[in-house]
Amino acid sequence: MDYLVATDGSAVSDTAIEHAARQAGLVDADLEIVHVLTPETELVDGQVVLPGEDAALEQGERILEQAETVAARAVTEADAAVQITTELLTGRPAESITTYADENGIEAIYVGHRGLSDKPDYVVGSVAKTVVDKTTVPVTIVK
C-alpha cells in the first residue's frame, strides 16, 4: 500500500506530511513525497529554454529533503515503521500529482488546503481542488 503527499515547502504542506506519515504508520503503508516544479519556459532562438533550471532543481531537492525530515520525525514520534521516498515532478501541479498517483498505484493522496498561493479568499486552494476533481483515489486535504 502506498500513500502520496504533495509538498510545496509551505507550513501547511509540512502539516499534511506529518498527518500522512502518521496515517501511513497506522496501516503499514509506504509514503511517497512529491514536489512539482512548474518551470516557466522561454523561447530563445527557436529553442525552449528553462531560465533558472539549476536553481529550481536545487530548490526542489531542498524542499524534498526538508519534507523527508518532517515525515521521518512524525514516523519516529508515532513509533511506526514507514518507508519514505521522494520524487521531483515537473508540470502543472495537480495534473502531475494525479498522473503520478495513477501510474504508481497510489491508494491515497494528502495535500495541504492552501500552499504558497497568495489568494487567501479561497478556502481550498486550486491545486487541492483540482487533485480532488481529477483523481479516483481518496484525497485528504489537511488544514
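The values are calculated or read from the model by the stated rules, or taken from the named source; none is laboratory data. Since the model is a prediction, treat every value here as computed from it, not as a measurement. Glycine also receives a Cβ, built like all others from the backbone with ideal geometry; neighbour counts cover every protein chain displayed.
Assorted remarks:
- Remark: pairs (first residue in the range 88-115, farther than 16 Å from T7 by Cβ; second residue at pLDDT 95 or above and of a type in the set (D, E); Cβ separation under 8 Å; 6+ apart in sequence or on different chains) = N104/D2; N104/E32; G105/D2; E107/D2.
- Residue selection: T69 satisfies the criterion of being of a type in the set (S, T, N, Q), over 21 Å from V27 (Cβ atoms), at pLDDT 95 or above and surrounded by 13 or more Cβ atoms within 10 Å (Cβ to Cβ).
- Scanning the range 6-34 for residues that are farther than 14 Å from V142 by Cα and in contact with a strand residue (DSSP E or B) (Cβ under 6 Å, 6 or more places away or on another chain) returns A24, A29, D30, L31, E32, I33, V34.
- Test set (1) at pLDDT below 90; (2) part of a helix (DSSP H, G or I); (3) in contact with a helix residue (DSSP H, G or I) (Cβ under 9 Å, 6 or more places away or on another chain) - L57 fails condition number: (3)
- Residue list for the range 72-83, filter: surrounded by 15 or more Cβ atoms within 10 Å (Cβ to Cβ), at pLDDT 95 or above and in a loop (DSSP other than H, G, I, E, B): V82
- Residue ID - modelled with the lowest pLDDT, chosen from residues in the range 84-143 that are acidic (D, E) and either more than 25 Å from P39 (Cβ to Cβ) or in a loop (DSSP other than H, G, I, E, B) (or both): D121
- From V49, V27, residue being surrounded by fewer than 19 Cβ atoms within 10 Å (Cβ to Cβ) and at pLDDT below 95: V49
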